[in-house]
1. Please find, among A201, A195, the residue that is in a loop (DSSP other than H, G, I, E, B) and either within 16 Å of S24 (Cβ to Cβ) or under 17 Å from the mean Cα position of the chain (by Cα) (or both).
2. Take the conditions modelled with pLDDT of 90 or more, small (G, A, S) and assigned by TED's automatic domain parsing to the domain that holds T22 and apply them to G138. Does it pass?
3. Picking from G50, G101, which residue would you name as being buried (at least 21 other Cβ atoms within 10 Å of the Cβ) and within 21 Å of L166 (Cβ to Cβ)?
4. Within region 153-161, can one find any residue that is closer than 19 Å to T11 by Cβ and in contact (Cβ under 8 Å) with a residue 24 or more places away in the chain?
5. Across region 39-57, which residue is nearest to the chain's Cα centre (by Cα) among those that are in a loop (DSSP other than H, G, I, E, B) and under 14 Å from A104 (Cα atoms)?
6. What residue, of R114, R72, R25, is assigned to a helix (DSSP H, G or I) and over 30 Å from T174 (Cβ atoms)?
7. What pairs come out if I take residues in region 1-30 that are in the same structural domain as D81 (by TED's automatic domain parsing) and under 18 Å from R162 (Cβ atoms) and pair them with residues that are surrounded by fewer than 21 Cβ atoms within 10 Å (Cβ to Cβ) and modelled with pLDDT under 95 whose C-beta lies under 7 Å away, six or more apart or interchain?
8. Go through (1) of a type outside the set (D, E); (2) in contact with a Gly (Cβ under 9 Å, 6 or more places away or on another chain); (3) assigned to a loop (DSSP other than H, G, I, E, B) and name the single condition A103 misses.
Amino acid sequence: MSPSSSVPVLTIDGPSGSGKGTISRRVAETLGWRLLDSGALYRAVGYAAGMEGLDLSDAEAVTRCAQTTKIRFQAAADGGDTHVLVNGHDATDELRTETAGAAASAIASIPSVRQALVDMQLGFRKAPGLVADGRDMGTVIFPEAPFKVFLTASAAERAKRRYKQLKEKGLGVTLATLQREIEARDARDASRTVAPLKPAADAVFIDTTGMGIDEVVAKVLAVVQS
C-alpha cells in the first residue's frame, strides 16, 4: 500500500459550467486540502499543442505533446485564482477561453493522452487530503475515493453562468452560441469510448440549477462531514 492511499480524496465531477471549479476551490480552502483541477491539465496540453501548430486529431503527435509539456500551478500573490504555467508561460487567461475548452474536450478522447496524464493526477494525492475536480475523477482516476460528488445544472443555466464570466472579462460572446457549444461538448464527453462523463455509482448527485455558491458548498461539505 502506498503512503498516499490513506490520504482522503473528495472527487467532484460534472459537465462544463456546473460550478465544479468554484465549488472545488471553496471546499478545498474550507477543508485545508490540496486541489486538483484536472480540466486545466487537458486545457494546458491542448494549448501547448495549438502553440506547436499540431492537428488535434493526430493522436501520436498530441500524445508526445502531453508527455513533454511542463505544467505548473502557481498560487496567486494576491490570493486570487491559481495561475497555470505551460512550458514556463503563464497561460491562465488563455486556458479559460471556449477555444481552450474545445481543444481539451477533443484531446481528452485520445486514450494515450489520458494515460499520459494519469500519473500526474495521482501525484496530487498528498496529505492532508485532496479535492479532485474533473469529469472522471470518481470513475477512473480515484475510483476508491471515500467521498464523491457529481455536480450538474441545466444547459441553459450553465450557458448563463459562462456568459456572465466571459462578459466580465470583456470577451464578446452570445448566449445562444455558448449554449450550443455546451450542449455539443456534453454530447461529446458523454459518448466518448474512453472515460465518458457519467456519475460514479456511489457519487452524491447535486443539481445546482438555481442554487447559490454557498448553498452548493454546504451540500458538498456535508458529504465529507457525514
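1. Only one candidate passes the filter, namely A195.
2. Criteria met by G138.
3. G101
4. yes
5. L56
6. R114
7. Final answer for the pair search is none.
8. Just one mismatch for A103, condition (3).
The values are calculated or read from the model by the stated rules, or taken from the named source; none is laboratory data. Since the model is a prediction, treat every value here as computed from it, not as a measurement. Neighbour counts are summed over all protein chains in view; Cβ atoms, including those assigned to glycine, are modelled from backbone coordinates with ideal geometry.
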